[in-house]
Amino acid sequence: MKRLSSSIVLLMLLVGAGHAGVLGSKHDLSLSGSSQFQYDTVQACVFCHTPHEGNVDDKYGGSGGLNLRGYLIWNRNTPGYSSFDMYDSESLDYTEVSPQPGPVSVMCLSCHDGAGAMNVLLNLPGSAGGPGALDPAPFSGVTTNQFGDFSLDDPFVGPLNIGEAVADGDLGSAIVSPGTNLTNDHPIGFVYNAALATADGELATPVSDKQVDAAGLVRLFEGKLECSSCHEPHNNQYGAFLAMDNTDSALCRVCHLK
């Protein structure tokens with residue numbers, strides 16, 4: 001990697017990994033970020049968002065999914081799967097036969113399925129010779145797997161691979177099995193409402209179809225619990241991009257009355 005300028009080094013020292021914003025966090029894949037992967041650009045937002053030509057493909061890349069229609073001007077392709085294998089348990093009381101991740105969660109899975117390359121974007125930084133890209137070369141290299149050798153349980157990349165994808169080797173290797181396995185992760189994509197809380201008996205009743213708690217720390221999306229209910233992708237002050245401080249399982253106990 002090229003020598004970092006003194007101004008960028010200073011910026012990295014100022015923002016730190018626990019900074020409340022995305023700049024300098026592990027979600028910042030630019031030169032100012034603290035991710036395992038850094039690319040030769042000074043644009044931090046481009047790895048998820050673009051001001052023009054956002055994703056309008058179907059939610060799962062097929063003909064049957066919900067069309068994103070530029071939702072959140074997403075700058076990535078969504079996973080090309082028809083469905084995900086979801087967590088199941090006898091203790092679950094939601095009524096959906098097979099809930100699936102909603103658009104918000106699918107956008108998270110465009111990186112965290114363990115198969116989507118983090119530098120493959122719809123609209124590259126500094127496209128057409130713009131000022132954002134210091135060197136466009138890193139964006140034309142690896143296009144398959146950037147999560148390391150899964151078989152060796154690489155400590156740097158394991159938490160990134162939520163979808164349990166399996167590769168046949170190290171960086172840049174082919175994907176053997178896709179990242180559709182969410183069976184060992186907290187259920188998402190299900191309706192969380194008063195009826196579910198009553199049926200379960202140990203769940204808090206959401207205050208609205210937009211949030212569980214009155215403070216709005218645990219959000220709902222069209223009445224459903226999604227990845228961004230518990231995580232805030234733009235704020236890492238609590239670690240793991242949690243939506244709130246989880247000391248004494250405080251985040252868990254917003255929903256679970258234990």
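The values are calculated or read from the model by the stated rules, or taken from the named source; none is laboratory data. These numbers were taken from a predicted model, which means no experiment stands behind them. For neighbour counting, all protein chains shown are included, and Cβ atoms are generated from backbone atoms with ideal geometry for every residue, glycine included.
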Exercise. Given (1) assigned to a loop (DSSP other than H, G, I, E, B); (2) farther than 21 Å from Tyr87 by Cβ, where does Asp248 come up short, assuming only one miss?
Worked result: (1)
For this session: Report the residue count in segment 83-111 for those that are surrounded by 18 or more Cβ atoms within 10 Å (Cβ to Cβ), of a type in the set (Phe, Trp, Tyr) and closer than 17 Å to Gly179 by Cα.
Result: 1
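Does Leu14 meet the test of being modelled with pLDDT of 90 or more, not in a strand (DSSP E or B) and not charged (D, E, K, R)?
Working: modelled with pLDDT of 90 or more: no; not in a strand (DSSP E or B): yes; not charged (D, E, K, R): yes.
In short, no.
State yes or no: is Leu171 in a loop (DSSP other than H, G, I, E, B) and modelled with pLDDT under 70?
On the way: in a loop (DSSP other than H, G, I, E, B): yes; modelled with pLDDT under 70: yes.
Yes; evaluated as a whole, the condition is true for this residue.
For Gly80, are the conditions met, namely being modelled with pLDDT under 90, outside the structural domain of His256 (by TED's automatic domain parsing) and over 19 Å from Asn181 (Cα atoms)? Outline the logic, then answer.
Working: modelled with pLDDT under 90: yes; outside the structural domain of His256 (by TED's automatic domain parsing): yes; over 19 Å from Asn181 (Cα atoms): no.
When the stated conditions are applied, Gly80 does not pass them.
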For this session: Would you check which residues across segment 77-100 are in a loop (DSSP other than H, G, I, E, B), under 23 Å from the mean Cα position of the chain (by Cα) and farther than 23 Å from Val46 by Cα and list them?
Result: Tyr81, Ser82, Ser83, Phe84, Tyr87, Asp88, Ser98, Pro99, Gln100
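Yes/no per residue for (1) modelled with pLDDT under 85; (2) within 15 Å of the chain's Cα centre (by Cα); (3) within 20 Å of Leu109 (Cα to Cα); (4) not polar (S, T, N, Q):
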| residue | (1), (2), (3), (4) |
| --- | --- |
| Leu29 | no, yes, yes, yes |
| Tyr39 | yes, no, no, yes |
| Cys45 | no, yes, yes, yes |
| His52 | no, no, no, yes |
| Gly64 | yes, no, yes, yes |
| Arg69 | yes, no, yes, yes |
For this session: Please state which one of Thr205, Thr198, Thr180 is hydroxyl-bearing (Ser, Thr, Tyr) and either at pLDDT below 80 or touching an Asp or Glu at 6+ places or on another chain (Cβ under 7 Å) (or both).
Result: Thr180
